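Please read the structure below before turning to the comments.
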Amino acid sequence: PMWRTAAAAAATTLLVRLSVLLLGGRRRRQSVNPSETIRTLAVLGSGGHTSEMLQLTSRLSGARYTPLCFVVADTDHTSRAKVEASPGGLRPDEYVRVPRSREVGEPFLRSAFKTLYALAWSLVLVGRRRPQLILCNGPGTCLPICMAAFCYRVLFFMDVRIVFCESFCRVTTLSLTGKLLYPIADRFVVQWPQLRERYRRAEYVGVLC
């Protein structure tokens, strides 16, 4: 039947697309017009992750990386205050709260269901915002958002780039979020040469935070 042929062709196309992206096709640098703006999502995490992300975003040009949206977990009650109190930091155009996929010490089964819910929420968020760039540095909140963005890219819906910067405190091993996003991130930045030696796709650029 024709529908089976069409389904087989679609499945084959998606498998080829996934293979190309995972094997490095997504990491080809694109020439970008310096005058063009870039719709950006930056994911904040409670504690040190937010402080590091604020230092990273302070290096960005507010005129180019706009609109800038900061994503915060719904149980994070400190990150926004840190942003507002940060002297000279880049201010977002908008804050968006998303469900936290996992709390510290939470049972695996419960966290699995919460992660699926967070992924569904993230698919809606990314689909509506259509970011061109996602910046993240380790909080679990960024995992479903990056997975949603990668799904859209596999399905040819949008071309969104993921830049992951591993936390400064990770000297010899990656964080769990880093390990999960390592295969799909377009750029994977580490702050210690030991990690660059262990992970060939990682980019060591010195201390950023």
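The values are calculated or read from the model by the stated rules, or taken from the named source; none is laboratory data. If you're wondering where the values come from, they're calculated on a predicted model, not measured in any experiment. Quick reminder, even Gly has a Cβ in these numbers, built from the backbone with ideal geometry, and neighbours come from all protein chains shown. The accessibility values were calculated without ligands, DNA or RNA, using every heavy atom of the protein model including side chains. Shrake-Rupley method; radii C 1.70, N 1.55, O 1.52, S 1.80 Å.
If I fit a long axis through the Cα atoms of helix 142-154 and take the longest principal axis of the Cα atoms of the chain, what angle between them do I get, 0 to 90°, rounded to 10?
Between the helix axis and the principal axis of the chain, the angle is about 30 degrees.
What's the angle, to the nearest 10 degrees (0 to 90), between helix 108-129's Cα axis and the longest principal axis of the chain?
Between helix and principal axis, roughly 90 degrees.
Carbon and sulfur atoms: what percent of the 1.4 Å accessible area of the chain do they account for?
61
Would you mind working out the magnitude of the charge dipole of the stretch 88-192 relative to its Cα centre, with +1 at each Lys and Arg C-beta and -1 at each Asp and Glu C-beta, to the nearest 20 Debye?
Dipole of the stretch 88-192, to the nearest 20 debye: 140 debye.
Calculate, for the chain, the solvent-accessible area per residue in square angstrom, rolling a 1.4 angstrom probe over the heavy atoms of the protein chains.
In whole numbers, the chain has 55 Å² accessible per residue.
What does the C-alpha gyration tensor say about the overall shape of the chain? Classify as rounded when a/c is under 1.5, otherwise prolate if a/b is larger than b/c, or oblate.
rounded
Pulled fully out, how much extra length does the chain show between ARG128 and SER51, if you take 0.36 nm times their separation in residues and subtract their Cα-Cα distance?
That works out to 25.0 nm of additional length.
For n ≥ 4 DSSP H runs only, could you compute -39500 (n - 2.57) per run for the chain, divide by its residues and tell me the 222 nm figure to the nearest 500?
-12500 deg cm²/dmol
Using per-residue counts of other Cβ atoms within 10 Å, averaged over each peptide, order 200-208, 165-173, 79-87 from highest down.
In decreasing order of mean packing, 200-208, 165-173, 79-87 become 165-173, 79-87, 200-208.
For the chain, build the charge dipole from Cβ charges (+1 Lys, Arg; -1 Asp, Glu) around the Cα centre, then report which of ALA85, ALA185, THR173 sits farthest towards its positive end.
Positive-most Cα among the choices belongs to ALA185.
Could you give the dipole magnitude of the chain about its Cα centre, charging the beta-carbon of Lys and Arg +1 and that of Asp and Glu -1, in debye to the nearest 20?
560
Using the basic label-point model (7 angstrom from Cα toward the beta carbon), what is the GLU197 to THR78 distance in nanometres?
3.4
If I model a spin label at ARG170 and ASN33 as a point 7 Å from the Cα along the Cα→Cβ vector, what separation in nanometres do I get?
With each label point 7 Å from Cα toward Cβ, the separation is 3.5 nm.
Report the full-extension gain for the segment ALA9 to ALA63: residue separation times 0.36 nm, less the Cα-Cα distance, to one decimal in nm.
Gain on stretching ALA9 to ALA63: 15.1 nm.
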